[in-house]
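Here the structure comes first, spelled out in structure tokens, and everything after it is commentary.
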Amino acid sequence: MSTAADADLAQLSRLKDAHQSLREQVAQIVVGQDEVIEQLMISIFAGGHCILEGVPGLAKTLMVSTLAECLELSFTRIQFTPDLMPSDITGTEVLQEDRATGARQLRFVPGPVFTNVLLADEINRTPPKTQAALLEAMQERQVSAGGHRHPLSEPFFVLATQNPIEQEGTYPLPEAQLDRFLFKVFVGYPTRDEERQIYRVTTGTERKVLTKVLSGEEIPPLQKLVRSVPVSDHCLDYAMALVRATRAAEPGRPAYIDKWVAWGAGPRAGQGLVLAAKARAALQGRTSVTIEDLRAVAHPVLRHRIVTTYAAQAEGETPDSIITALLRDISARPGADQANGYVAQVFRS
């Protein structure tokens, strides 16, 4: 076995251990929400952005800030409001005078987007112009101002929240911006036992001290490691079949797609599906992607990329129920499970 392969396997073991430690550390602060936290970690190590949707008081902000603290990442929170301007996010140029010479020059003052983890709180509360200010930062990892490009620090994640209750005075995110988010995660109510524990923990005087699990400098190499996880042609074909089945013009699609889906998912959804499956496999210490990895991330990857028809809404069908039906009806190519066993158990150079 080559030295490079040994190093990759050592990194993979490091990532698996860090994954378990992160879960333990976050569990000290956040009660329950295990699936949400798992999806957040997959999003971070896949290098993607994430949108969280849930009613107020479900610890969305606490989850994000706790993860940032455990990963030793800088964290900034922006409360999106109707009067927020694009420059309030990205930064602006100011005229600065040198008192010694009297010379004046423009100087760029970075905004809160210059951080590692940006929490965009209630992103649907601000107008489209300000929402669009995040697009370049999310996609290009840079901000343009005054004809100059200002690169953002690595790693960089946007974790946005939405409140699904009050829709008056909100500005729904356009489909083009939604597509920039790797995951859309629903944050639900805790169970009865979890809620009792929340009351007990949050009303006492004890303050848990978190242990740093990884440093910010370690994350980019681990993201690169995730991308190097092998994926078989059978898994790629299954991901492609799942994505293409959401489109009304696709031959061989299930009959209900024409009735329930106005617009299906594009190729970026397939890219996200494969990348998220790679991250899930790596976090569990596995060296190849399986069909189960793809199925596990299908809902958060696809739910915000499927636009339903009025007929679907009238019948109570949602993107999630349509994805569930597709997972039931779209089969992996024969031999897919066996093919996963033949994928090299070392990383390819």
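Observations
- P(r) for segment 253-301, from all Cα pairs and a bin width of 10 Å, is 25, 41, 25, 9, 0 %, short bins first.
- Highest-fluctuation residue, VAL301, VAL289, VAL209 considered, GNM on the chain with Cα pairs under 10 Å: VAL209
- Cβ charges +1 (Lys, Arg) and -1 (Asp, Glu), total dipole of segment 231-281, debye: 180
- Most mobile of VAL143, VAL201, VAL213 in a GNM of the chain (Cα contacts under 10 Å): VAL201
- Debye equation applied to the C-alpha atoms of segment 149-265, log10 I(q)/I(0) at 0.12, 0.20, 0.24 Å⁻¹: -0.94, -1.24, -1.31
- Computed helical MRE - 222 nm, the chain, DSSP H runs ≥ 4 contributing -39500 (n - 2.57), nearest 500: -14000 deg cm²/dmol
- Computed about the Cα centre, the dipole magnitude for segment 228-349 is approximately 320 debye when only Lys and Arg (+1) and Asp and Glu (-1) carry charge, each at its Cβ.
- As a rough footprinting exposure proxy, the listed residues THR101, THR308, THR90 were ranked by other beta carbons within 10 Å of their own, and the order from fewest upward is THR101, THR308, THR90.
- Charge dipole of the chain (Cα centre as origin; +1 on each Lys and Arg Cβ, -1 on each Asp and Glu Cβ, all else neutral): 420 debye, rounded to the nearest 20.
- GNM flexibility winner over the chain from LEU294, LEU84, LEU242 (Cα, springs under 10 Å): LEU84
- Cα convex hull, segment 228-349: 97 Å³ per residue, rounded to a whole number.
- Helix 319-329 and the longest principal axis of the Cα set of the chain meet at an angle near 30°.
- Rounded to 5, percent antiparallel among DSSP beta bridges of the chain: 40
- Low-density loop positions, GluC sites (Glu not before Pro), segment 189-262 - DSSP coil, at most 15 other Cβ in 10 Å: GLU206
- Segment 228-349 - percent relative contact order, Cα under 8 Å, separation 6 or more: 36
- Ranked list, fewest to most other Cβ atoms within 10 Å of each Cβ, for SER288, SER65: SER65, SER288
- Applying both filters, DSSP loop and at most 11 other Cβ atoms within 10 Å, to the trypsin sites (Lys or Arg not before Pro) of segment 67-167 gives ARG99.
- 5 angstrom amide H check on GLY91, placed H, neighbours 5+ away: GLY111
- On full extension, the segment bounded by GLN284 and THR191 gains 30.9 nm, given 0.36 nm per residue less the C-alpha separation.
- Of VAL94, THR290, TYR199, farthest towards positive along the dipole that unit charges on Lys, Arg, Asp, Glu beta carbons give the chain: THR290
- Relative contact order of the chain, defined on C-alpha pairs under 8 angstrom at six or more residues apart (%): 22
- Ordering SER215, SER228 by the number of other Cβ atoms within 10 Å of each residue's own Cβ, fewest first, gives SER215, SER228.
- Cα centroid separation, segment 69-131 to segment 132-157 (Å): 11
- Taking a straight Cα-Cα cut-off under 23 Å and skipping sequence neighbours fewer than 8 places away in the same chain, the lysines within cross-link reach of LYS60 are LYS184, LYS208, LYS212.
- Between the helical axis of 128-140 and the longest alpha-carbon principal axis of the chain there is an angle of about 70 degrees.
- Extension gain from SER153 to ARG107, taking 0.36 nm per residue of separation minus the Cα-Cα distance: 14.7 nm
Every number here is computed from the coordinates shown, using simple stated rules; none is lab data. Keep in mind it's a predicted model, so treat the numbers as computed, not measured. Glycine gets a Cβ as well: all are built from the backbone with ideal geometry, and neighbour counts include every protein chain shown.
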